[in-house]
Amino acid sequence: MGRAFEYRKAAKMKRWGNMSRIFPKLGKIITIAAKDGGTDPEMNPKLRTAIINAKSQNVPKDIIDNAIKRASGKDAADIKEIRYDAKASHGVQFIIETATDNQTRTVANIKAILVRNKAELLTSGSLNFMFSHKSVFVFDKKESIDLEELELELIDFGLEEIEEDIEAQEDGEDKPIVRLYGDYTAFGELGHALEEKKIELKKASLEWIPNMPIELSDEHMQDIETLIEKLEDDEDVQVIYTNLA
């Protein structure tokens, strides 16, 4: 299955330059989750997932705690998750997920970045047929976990595919991981089943997977990488998916 085009952790940190950019982005997601479903991770699966993902990016505990507290504060901002669709050069399509307290500012910034990089904003949802919305879970591969047995056990909970992969680490060492895929509607059941099996997740998310991934030349990839970098520099942009292989 072609995966959403996401730079791995080391590449992201290189582009963003320092922790001061990624931490606020993850903090926003935690605040949204806490505001929507309560500040207790045990009773709020969305918050629990957001914390798991933040920890996988080495977000300190005090930043996580402060993000949760902001959700219940009297001056808590009304942060909304908004998705934008876009089309760039060389046949590349984008689904851009944002978290913002000012939609007017966010859409204006995104439009400006797209126009400056020969891309355009599309009607929201217009790329739904080009992508599949999937539940994605990632954990370290361990000898104690029988993947064939796990696959059989999780099919009833909505598992569609299981694959092994290699994740690049900051120290240069590759680490074997496992990715699980299911329909987006199975996110809760699959997540709960993995918790019941005491499998420690590195990541749990809903992602847009391209149905027909494309490949570009190195020259064309430079254009797209520049656009991705500019979009990720925006404080409201959370995740970017494309139809790149």
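The values are calculated or read from the model by the stated rules, or taken from the named source; none is laboratory data. Note that the structure is predicted; figures quoted are calculated from it, not measured. Backbone-built Cβ (ideal geometry, glycine too); neighbour counts: all protein chains shown. Heads up: the accessible areas ignore ligands, DNA and RNA and are worked out on the full protein's heavy atoms, side chains in. Shrake-Rupley method; radii C 1.70, N 1.55, O 1.52, S 1.80 Å.
With respect to the conditions (1) open to solvent by less than 10 Å² (accessible area, probe 1.4 Å); (2) modelled with pLDDT of 90 or more, Gly38 falls short on a single one, namely (1). On the given criteria, is Arg83 surrounded by 14 or more Cβ atoms within 10 Å (Cβ to Cβ) and modelled with pLDDT under 95? No; evaluated as a whole, the condition is false for this residue. Restricting attention to segment 164-182, the residues being modelled with pLDDT of 95 or more and either open to solvent by 70 Å² or more (accessible area, probe 1.4 Å) or closer than 29 Å to Tyr84 by Cα (or both) number 4. The number of residues in segment 191-220 being among the hydrophobic types (A, V, I, L, M, F, W, C), over 14 Å from His133 (Cβ atoms) and open to solvent by less than 20 Å² (accessible area, probe 1.4 Å) comes to 3.
Taken over segment 86-99, the criterion of being open to solvent by less than 30 Å² (accessible area, probe 1.4 Å) and not polar (S, T, N, Q) is satisfied by Ala86, Ala88, Val92, Phe94, Ile95, Ile96, Ala99.
Among the residues of this structure, Val107 does not count as one that is assigned to a helix (DSSP H, G or I) and over 29 Å from Ala33 (Cα atoms). Hey, can you tell me all the residues within segment 41-75 that are over 19 Å from Thr100 (Cβ atoms), in a loop (DSSP other than H, G, I, E, B) and either open to solvent by 80 Å² or more (accessible area, probe 1.4 Å) or in contact with a strand residue (DSSP E or B) (Cβ under 8 Å, 6 or more places away or on another chain) (or both)? Result: Glu42, Met43, Asn58, Lys74.
Give the residue, chosen from Phe131, Phe137, that is buried (at least 18 other Cβ atoms within 10 Å of the Cβ), under 30 Å from Glu200 (Cβ atoms) and either without any contact (Cβ under 8 Å) to a residue 12 or more places away in the chain or touching a Pro at 6+ places or on another chain (Cβ under 8 Å) (or both).
One residue alone meets the criteria, Phe131.
Out of Leu121, Leu114, one residue alone is outside any loop (DSSP other than H, G, I, E, B), in contact with a helix residue (DSSP H, G or I) (Cβ under 6 Å, 6 or more places away or on another chain) and surrounded by 15 or more Cβ atoms within 10 Å (Cβ to Cβ). It is Leu121. Is there a residue being touching a residue at least 60 places away in the same chain (Cβ under 8 Å) and in contact with a Ser or Thr (Cβ under 9 Å, 6 or more places away or on another chain) anywhere in segment 58-80? Looking for residues that are touching a residue at least 60 places away in the same chain (Cβ under 8 Å) and in contact with a Ser or Thr (Cβ under 9 Å, 6 or more places away or on another chain), one finds none in segment 58-80, hence no.
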